[in-house]
Amino acid sequence: QRMVLSVRDEVCIFDFEADYSWDNLLVDMDVVIVVADPLPSKLIGGAGRFTALKKLELSGSKVVWAVNRDNDGVSRRQVQAYLKGRPDIWIPVFPADTIYRCEYSCNFFWKDEEIKRKMMEIFTKVSQFWTSL
């Protein structure tokens, strides 16, 4: 927490755990990127968390909503209804075999052309949202 409170005039990315102990710091962030897993049990399990983050957004904080692990089995309509709005970014699921292959060969995921292409799309979308806020 000291590091978060001491940084000024710098671009910093902080990865907070999804628990309430960090909430007092979220209001000081320029942008909060919420990443949700669309698995129904994960969404239901995080109901209180989503409510708190939605309140943060409604209070005026800049919030970008992203859904991770999007795949053909995900009902986007139901996810949107649950999150009470359309997510800004849908992040595709990356094939598990590719991730395993990269790790077993001691390669960073970025080395795989398919993952690199999809990640560049995500980074482009995030940067576009960031600059438009």
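The values are calculated or read from the model by the stated rules, or taken from the named source; none is laboratory data. On a predicted model such as this, the values are computed, not experimentally measured, just so you know. No Cβ is skipped: glycine too gets one built from the backbone with ideal geometry, and neighbour counts run over all protein chains shown. Accessible surface is based on the protein model in full, side chains and every heavy atom, while ligands, DNA and RNA are left aside. Shrake-Rupley method; radii C 1.70, N 1.55, O 1.52, S 1.80 Å.
Please work out if residue 115 is assigned to a helix (DSSP H, G or I), under 23 Å from residue 17 (Cα atoms) and over 16 Å from the mean Cα position of the chain (by Cα). No, not satisfied.
Please work out if residue 34 is β-branched (Val, Ile, Thr) and touching a strand residue (DSSP E or B) at 6+ places or on another chain (Cβ under 7 Å).
Working: β-branched (Val, Ile, Thr): yes; touching a strand residue (DSSP E or B) at 6+ places or on another chain (Cβ under 7 Å): yes.
Yes: the conditions hold for residue 34.
Of the numbered criteria (1) assigned to a helix (DSSP H, G or I); (2) in contact with a helix residue (DSSP H, G or I) (Cβ under 8 Å, 6 or more places away or on another chain), the one residue 24 fails is (2).
Taking the criterion of being open to solvent by 90 Å² or more (accessible area, probe 1.4 Å), part of a helix (DSSP H, G or I) and either among the aromatic types (Phe, Trp, Tyr) or in contact with a helix residue (DSSP H, G or I) (Cβ under 7 Å, 6 or more places away or on another chain) (or both), the residues of segment 59-106 that qualify are 100, 104. Consider segment 20-46 and keep the residues that are β-branched (Val, Ile, Thr) and over 15 Å from the mean Cα position of the chain (by Cα). The one that is farthest from residue 64 (Cα to Cα) is 44. Exactly one residue out of 69, 49 is of a type in the set (Lys, Arg), at positive phi, modelled with pLDDT of 90 or more and under 16 Å from the mean Cα position of the chain (by Cα): that is 69.
Can you find even one residue in segment 33-40 that is assigned to a strand (DSSP E or B) and open to solvent by less than 30 Å² (accessible area, probe 1.4 Å)? It would help to see each step written out before you state the result.
We begin by selecting, within segment 33-40, every residue assigned to a strand (DSSP E or B); these are 33-36.
Right, trim to open to solvent by less than 30 Å² (accessible area, probe 1.4 Å) and you get 34, 36.
Yes: one or more hits.
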